[in-house]
């Protein structure tokens with residue numbers, strides 16, 4: 001019923017409410033009907049909700065609850081209280097003060113098949129929402145184990161759905177309730193509800209309950225992971241930023257990653273990073289996107305594997321990263337470090353990927369891009385050089401002192417750090433940019449001075465030049481040996497053919513003297529001379545064989 005009605009109609013409604021409140025205390029059937037009508041009047045009508053409270057309806061409604069779950073009047077009274085508590089803080093307090101919470105909790109005992117239990121769970125859900133005092137009172141009345149029992153009816157059960165919503169409200173900002181809910185065994189059935197998918201209200205409420213349970217509770221974070229929640233939470237992300245289930249799942253992953261290294265690895269391994277990055281496309285106005293940004297920020301903390309995976313996921317993605325400045329700062333730092341490492345190495349594919357990711361997060365300006373492109377050309381030339389050496393079997397191990405202790409690749413610009421050891425310049429500079437730079441080899445604090453190791457650089461260049469000279473020599477020798485072998489093979493083959501020609505010519509002369517070419521010799525001679533082989537001569541069938549054959553005849557027995 002709409003609240004936008006005339007003054008006369010408003011007065012009529014208020015008179016009706018007053019009369020219905022009087023009937024709540026009458027015989028059971030009249031009270032039942034009055035409670036049902038008040039339930040309808042309170043639905044989605046803020047004015048009527050206030051009017052019903054002001055008409056002193058709450059105490060008799062609470063009294064009806066005590067008739068028990070078998071009573072239709074109790075069921076209707078629970079439904080009315082459910083509607084009265086929706087988005088009405090004053091009613092929430094008034095209902096608690098009227099003593100409604102214990103009889104509402106008692107109705108839960110009727111189980112998931114009971115409409116009275118369903119409506120009682122809905123009323124408790126609303127009572128707990130944004131009301132710290134009610135959250136404590138509901139726990140103290142023993143509601144949590146009964147709500148957990150309703151969860152086990154599964155996602156198709158309306159009672160399970162509403163119970164998940166009630167636990168979501170009870171767990172919000174209440175450490176005592178969080179522990180009580182976990183200890184009551186709620187986490188496994190909540191995880192089971194997640195698998196109903198993003199279209200399911202049960203899954204949405206379950207994700208919200210896990211979000212609240214994981215906040216500021218290390219024990220519960222571990223319990224949620226161990227119950228297998230991470231993969232179905234990740235699946236909910238794929239519903240997109242408009243989905244409330246995805247929004248709550250992103251929030252749950254944000255809380256699960258807070259100060260928990262094991263969860264960070266598990267969430268990456270479950271494939272969460274790409275869908276979290278996809279949620280960012282909705283922009284900072286989206287709660288789902290903000291939750292995703294915070295989850296990614298936590299995933300990147302002190303986890304190089306996650307950092308690289310996150311930066312790589314931005315390559316080719318169109319994301320307004322500048323609207324998430326804290327995450328952008330983290331990713332800029334990671335992308336630049338990854339780019340510097342790839343520049344110092346010898347893997348062209350890795351450098352190309354690092355450049356694409358750095359460009360995606362805004363870490364590569366024109367100067368950096370030009371520098372990296374030049375380095376890519378160097379790496380490709382080096383790969384061609386290595387392939388040429390390997391093709392001639394010249395696999396000479398790189399001397400140990402030519403290898404950077406950080407990148408484990410050949411140094412191209414070696415410098416000596418304050419610890420007395422030589423490193424690739426870009427690799428040691430990355431360490432020096434950190435807050436507490438320590439030597440990779442001695443673990444002593446490093447100074448900022450770097451001295452070019454010109455002698456080592458010259459030795460590396462001389463070593464490479466010598467290898468190239470040796471590769472050219474080996475390649476030339478191999479080509480010469482192959483040419484000589486082919487020439488000798490052709491000469492031997494030609495000599496053998498000429499000798500065979502002479503032998504066959506002699507055999508043919510002898511055969512002609514005797515009057516007939518030997519069939520085999522003729523065929524071979526033709527092949528050598530480039531002629532077609534002669535057709536075999538047929539003998540005329542003997543009379544004996546002709547007489548022994550006929551229609552229906554059988555082969556003679558073998559003597």
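Where a number appears in this text, it was derived from the coordinates with a stated rule and is not lab data. The shown structure was predicted, so the numbers you read here are calculated from the model rather than taken from an experiment. Glycine gets a Cβ as well: all are built from the backbone with ideal geometry, and neighbour counts include every protein chain shown.
Assorted remarks:
- Search result, residues across segment 1-43 that are closer than 22 Å to residue 126 by Cα and either touching a strand residue (DSSP E or B) at 6+ places or on another chain (Cβ under 9 Å) or assigned to a loop (DSSP other than H, G, I, E, B) (or both): 1, 2, 3, 43
- Of the residues making up segment 285-294, one or more are within 15 Å of the chain's Cα centre (by Cα) and either within 18 Å of residue 247 (Cβ to Cβ) or surrounded by fewer than 22 Cβ atoms within 10 Å (Cβ to Cβ) (or both).
- Residue match in segment 207-220 (condition: closer than 19 Å to residue 278 by Cβ and touching a residue at least 40 places away in the same chain (Cβ under 8 Å)): yes
- Subset of segment 259-296 [touching a helix residue (DSSP H, G or I) at 6+ places or on another chain (Cβ under 8 Å) and over 17 Å from residue 234 (Cβ atoms)]: 259, 281, 282, 283, 284, 286, 287
- Residue count for segment 332-344, restricted to those that are closer than 14 Å to residue 356 by Cα and in contact with a helix residue (DSSP H, G or I) (Cβ under 6 Å, 6 or more places away or on another chain): 8
- Qualifying residue in segment 315-329 (condition: free of Cβ contacts under 8 Å to residues at least 60 places away in the same chain and under 16 Å from the mean Cα position of the chain (by Cα)): yes
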